[in-house]
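Asks: Before anything else, here's the structure in question.
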């Protein structure tokens, strides 16, 4: 079984979506009037856009003043939108906008954010050979393990409440305390979004993180297996010459679910279109014997699960005698 760990801030195949921060607010519940922060849960040092939303029109003619931790942002005077930088990890930061009107009246909106780091470690339980230096990817119907790592919160991970979603579906039916690790089955489609929302036991959301995860179809690659030198890591592209009297060919099903790989319902070799009885104890290996000189023939292999329709692969190459 091949697994890997990916910090979502350094993803190669997985694209990270907006990140995390602890957030509290005294904003008005009136949707026509409020202070909006994007991203809602910023990371330390991330650029934040703060927007004053006032669809009532009551701020008409008012002087708009923005403050961060009590300090006025002079460049944002009388602006409905401003950008700023999230502070240090775990340090609360107060964003405030004041509307000053005639008659010495004013209104204030305030939000307090505490930037946090949240990473998701993705471990698809699919097959890749040991020499493969890339990352294993999930395929439809395969199992994926995911772990949320939070940094900057003073609350132990075991005392936080995690809600996991794959697409719009909630994994395991709802929030679970201390459940920073989950497993799910890769759904249909070529890409899906995995989201974790982290909250305190009183329901306050402190972080949210999403990653976009691709899914691929399992594929077959062929390699020559030498009894003297072992497995040749160079893929057989179009054909391979049979120089001696025999050779061993190994089929590697990339991104096949590990359960199917370990216990395939169907594993079948064909030579020249005819199903061949494989005498090897390993269903993914076959020994070819020279029976004539000259010419070539097609070598085909397929592996398949009978319950997961898309958990299977077929490939072929040519053997030149």
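Asks: Which pairs turn up if I take residues in the stretch 43-56 that are more than 20 Å from residue 209 (Cα to Cα) and look for partners that are surrounded by 15 or more Cβ atoms within 10 Å (Cβ to Cβ) and modelled with pLDDT under 90 with beta carbon separation below 7 Å, at least 6 apart in sequence or on another chain?
Replies: If the second residue must be surrounded by 15 or more Cβ atoms within 10 Å (Cβ to Cβ) and modelled with pLDDT under 90, the pairs left are 53/33; 53/34; 54/33; 56/33.
Asks: If residue 104 meets every condition in (1) at pLDDT 90 or above; (2) surrounded by fewer than 20 Cβ atoms within 10 Å (Cβ to Cβ); (3) on the phi > 0 side of the Ramachandran plot apart from one, which number is that one?
Replies: So residue 104 meets the others, but not (1).
Asks: Does residue 232 count as outside the structural domain of residue 192 (by TED's automatic domain parsing), under 25 Å from the mean Cα position of the chain (by Cα) and free of Cβ contacts under 8 Å to residues at least 40 places away in the same chain?
Replies: Spelling it out, it is not the case that residue 232 is outside the structural domain of residue 192 (by TED's automatic domain parsing), under 25 Å from the mean Cα position of the chain (by Cα) and free of Cβ contacts under 8 Å to residues at least 40 places away in the same chain.
Asks: What do you reckon, is residue 162 in a strand (DSSP E or B) and more than 30 Å from residue 67 (Cα to Cα)?
Replies: yes
Asks: Does the stretch 220-229 contain any residue that is in the same structural domain as residue 315 (by TED's automatic domain parsing), surrounded by fewer than 16 Cβ atoms within 10 Å (Cβ to Cβ) and either free of Cβ contacts under 8 Å to residues at least 12 places away in the same chain or under 30 Å from residue 160 (Cβ atoms) (or both)?
Replies: Scanning the stretch 220-229, I find at least one residue that is in the same structural domain as residue 315 (by TED's automatic domain parsing), surrounded by fewer than 16 Cβ atoms within 10 Å (Cβ to Cβ) and either free of Cβ contacts under 8 Å to residues at least 12 places away in the same chain or under 30 Å from residue 160 (Cβ atoms) (or both), so the answer is yes.
Asks: Check the stretch 39-58 and report whether any residue there is touching a helix residue (DSSP H, G or I) at 6+ places or on another chain (Cβ under 7 Å) and closer than 26 Å to residue 152 by Cα.
Replies: no
Asks: Give 84, 67 a once-over and let me know the one that is surrounded by 17 or more Cβ atoms within 10 Å (Cβ to Cβ), at pLDDT 90 or above, in contact with a strand residue (DSSP E or B) (Cβ under 8 Å, 6 or more places away or on another chain) and in a strand (DSSP E or B).
Replies: Matching residue, one of 84, 67: 84.
Per-residue answers, yes or no, for (1) within 19 Å of residue 42 (Cα to Cα); (2) modelled with pLDDT under 95; (3) assigned to a loop (DSSP other than H, G, I, E, B):
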site: 131; (1), (2), (3): no, yes, yes
site: 135; (1), (2), (3): no, yes, yes
site: 145; (1), (2), (3): no, no, no
site: 153; (1), (2), (3): yes, yes, yes
site: 172; (1), (2), (3): no, yes, no
site: 188; (1), (2), (3): no, yes, yes
site: 194; (1), (2), (3): yes, no, no
site: 197; (1), (2), (3): yes, no, no
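Asks: Is there a residue in the stretch 253-261 that is assigned to a strand (DSSP E or B) and touching a helix residue (DSSP H, G or I) at 6+ places or on another chain (Cβ under 9 Å)?
Replies: Yes, there is a match, as at least one residue in the stretch 253-261 is assigned to a strand (DSSP E or B) and touching a helix residue (DSSP H, G or I) at 6+ places or on another chain (Cβ under 9 Å).
Asks: Taking the stretch 245-263 as the region of interest, how many residues are on the phi < 0 side of the Ramachandran plot and under 25 Å from the mean Cα position of the chain (by Cα)?
Replies: 10
Matching residues to (1) in contact with a strand residue (DSSP E or B) (Cβ under 8 Å, 6 or more places away or on another chain); (2) more than 14 Å from residue 92 (Cα to Cα); (3) modelled with pLDDT of 95 or more; (4) buried (at least 16 other Cβ atoms within 10 Å of the Cβ):
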residue	(1), (2), (3), (4)
28	yes, yes, no, no
34	yes, yes, no, yes
43	yes, no, no, yes
52	yes, yes, no, yes
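Asks: Moving on to the next point. Looking at residue 258, is it closer than 26 Å to residue 125 by Cβ and either surrounded by fewer than 18 Cβ atoms within 10 Å (Cβ to Cβ) or in the same structural domain as residue 223 (by TED's automatic domain parsing) (or both)?
Replies: So residue 258 passes the test.
Asks: Here's something else I'd like to know. Report whether or not residue 163 is assigned by TED's automatic domain parsing to the domain that holds residue 125, farther than 30 Å from residue 89 by Cβ and surrounded by 17 or more Cβ atoms within 10 Å (Cβ to Cβ).
Replies: Answer is no for this residue.
The values are calculated or read from the model by the stated rules, or taken from the named source; none is laboratory data. Note that this is a predicted model, so its numbers are computed, not measured. Don't worry about glycine lacking a Cβ; one is built from the backbone with ideal geometry, like all the others, and counts go over all protein chains shown.
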